[in-house]
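Scroll down for the structure; my scribbles are underneath it.
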C-alpha cells in the first residue's frame, strides 16, 4: 500500500511538472529525516532549480500550491530550502489497507532469467551451494512479488572435469563397470552422492600422488564429449543420479526450478559448434601458435596471454560452453534444446530438463531480455570472459544485461565445527572461521547440516510441547530449522564472507529466522486465544470505518507501527534494485521487532473499549499477514507453534 502511494505521488508530480514547466523529470520520493516531518519528502524543487534558474523553495511553493489534491494525501508542506513534505490521510490509508493491499506495482513485458544453484553433479551438495541456491531463489521470489516474469534455470555441467574425475575413480581406481555402478545405485544402504563425495576426494588425492595418471582425465573428458561408449554412459549415469539427489536436497530448502539445461546437449546439439564458428568468423578468438597456449583457441584482451576457450587437445573449456549457453539464453544462437519432463512439484508445476532426442512438447525456454547468473565471486573473471565474448560478437546490449550476481564464500565458525563433530587443530580453533574444500573432502554436506539443525530444533520443540505428536513436532522443527538456515544465509550482504554458526542461526532471539517466525506465531496465538474465549474475530469492515481508523491513528505509536508493517513492497523493490536480498531479511526482522513491541505494550484481548479492541485485533491480524508474506518472500514458512 505504501509503495502504491509512493508511485502515485511520484506520478502526480511528474505529470504536473511536465505540464507546468515542460520538463520530463523522474521524481524521487525520499524518507524524511524525522517522522514528525511527515511520511514522505519530494526533493523535485532541487532537481528543477538548475534548469529553471530559480530558488528551490520558490519552485516548491509553486508545486505545493498548484498540484491539486492527490488521493490519500492529507497535506503538502514546504520545508527547509525546498523540500515538499507529505502527510498522508491516516484514516483513509488504514481503511485502504483493511480492504486489501493494492496489487504489486510494476512488472513489465521483459523476461528475466535467473540461473542459480549450478552444482557440479559429481558429489553431494555442501553448505556453499546452499548460499547460492538460497540467494538465487529469494531473488526470484522478490522479483515475482513485484510482478516480474522470471524463469529459473539450474545449469547442469554433466560433461566437465569434476564429473570426469568421479568417473576416473569408478573406472580406473575402483575398476567398476557400468553394471557395478547401477548395482550401487540400487543399493538402499548407499547414499550415492555421499559415495561420490568420498570418491572425488580420493581421485583428487591420487592425481596428486600419481601425476602420471592425469591422462585418464583427458581420455575420460574426450569420451564424455563424444557421448559414446561405456565411459560416456557411466558419466551420464553418475551425473543424472547426483542431480536427482541435489534436487531432493534443494527441495528441503523449498527451492524449485523451471528448467535444467544440460551441458551434454550444448555439445550434442552443436550449440558449442555454432558458437565456435561464430567466434571464429567474427575474429573474437584466434588460434595461438606460440608459447604455452600453442594449439589453443584464445580470446584476446582479458589478460596478457588471453583466455583459452578451446584447449590444444580439442576439448572446450567451461567458459567456452558458457558463452554458447549465454547466447542461447538471449535467443541469439538460432538453436534450441529439446525438452522432457523430469518431475512434478507439489503445486503441479513441471520441472523440465533438456535432451538431445527430438520431442513434441511445445516447450520453449530462454529468449530472456535480462540474465542474472548467481555464481560465487571467485568466478568473476570467467563471468567477465562470457560478457567479453558477447561484446566481441557485437552483442553489446545483451552484454549490458548479463549480470553476475556474485557472492562470497560460506565457511564455518569453530563452534559450529565442534557442534558438527569436525575435529580442528589448535590453530583452526582460534580462527574466526574455518574454510571447507570439496576437492579435499573437507566440509559439511548440505543434508548433514540440515539434519543437524532439525535435530537441534526438535530437542527444543519437543521440550516445549511434550504432549504433541512426534510427527507434528518434527514438522514444526523442520520449518524452524529451514527458516534458521535460509535467514542466516540471507541476512549478510552478498560481499560478506559468512561464518555459519548453528547455535546463532537457531536462536529465538536476535536477528534470526526463528525470531521472525516467533513473532508471526505470537500474532496467530492472539487470534486463537480470542476464539478460545468464545469470541469471534470482528468484521473489521463493519466496525472500523475511516473515521474510526483516524481516531485510533492519532496515536503516533500506532501510526508508525502501521507504516512499518505496510512497507513490504517498498522494501522488496529497494532490495531488487540493489540486488541485496539481505535488505528484505533486515526488513522482516524490523517488522518482527515492531510487532513484539506492540505485543508487549498493549493488552489486546482484554481491552475494554470496543473500538480500540477491534482496532488492536485488526493491527494484530495485519501484522500477521505481513509477517507471513515477508517470510514467504524469504522462503520461510510460519509453523503452527514454537
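The values are calculated or read from the model by the stated rules, or taken from the named source; none is laboratory data. The shown structure was predicted, so the numbers you read here are calculated from the model rather than taken from an experiment. Cβ atoms come from the backbone with ideal geometry, glycine included; neighbour counts cover every protein chain shown.
Listed values, structure above:
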quantity: Spans of strands (runs of 3 or more DSSP E) in region 67-157 with at least 2 residues within 26 Å of residue 585 (Cβ to Cβ) and modelled with pLDDT of 95 or more; calculated: 111-115, 149-153
quantity: Answer residue from region 162-201, given it is assigned to a loop (DSSP other than H, G, I, E, B) and closer than 20 Å to residue 248 by Cβ and is nearest to the chain's Cα centre (by Cα) among those; calculated: 191
quantity: Residues that are crowded, with 20+ Cβ neighbours inside 10 Å and in a helix (DSSP H, G or I), drawn from region 571-581; calculated: 571, 572, 573, 575
quantity: Any hit, region 33-40, residues being buried (at least 20 other Cβ atoms within 10 Å of the Cβ) and in a helix (DSSP H, G or I); calculated: no
quantity: Residue list for region 367-378, filter: closer than 20 Å to residue 133 by Cβ and surrounded by fewer than 16 Cβ atoms within 10 Å (Cβ to Cβ); calculated: 377, 378
quantity: Hits in region 339-358 - residues which are part of a loop (DSSP other than H, G, I, E, B), over 21 Å from the mean Cα position of the chain (by Cα) and exposed (fewer than 15 other Cβ atoms within 10 Å of the Cβ); calculated: 348, 357, 358
quantity: Yes/no for residue 397 being assigned by TED's automatic domain parsing to the domain that holds residue 330, assigned to a helix (DSSP H, G or I) and over 24 Å from residue 303 (Cβ atoms); calculated: yes
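This table checks each residue for (1) out of contact with any helix residue (DSSP H, G or I) (no Cβ under 7 Å at 6 or more places or on another chain); (2) surrounded by fewer than 16 Cβ atoms within 10 Å (Cβ to Cβ); (3) not assigned by TED's automatic domain parsing to the domain that holds residue 349.
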residue: 205; (1), (2), (3): yes, yes, no
residue: 208; (1), (2), (3): yes, yes, no
residue: 218; (1), (2), (3): yes, yes, no
residue: 223; (1), (2), (3): no, no, no
residue: 226; (1), (2), (3): no, yes, no
residue: 231; (1), (2), (3): no, no, no
residue: 247; (1), (2), (3): yes, no, no
residue: 253; (1), (2), (3): no, no, no
residue: 259; (1), (2), (3): yes, no, no
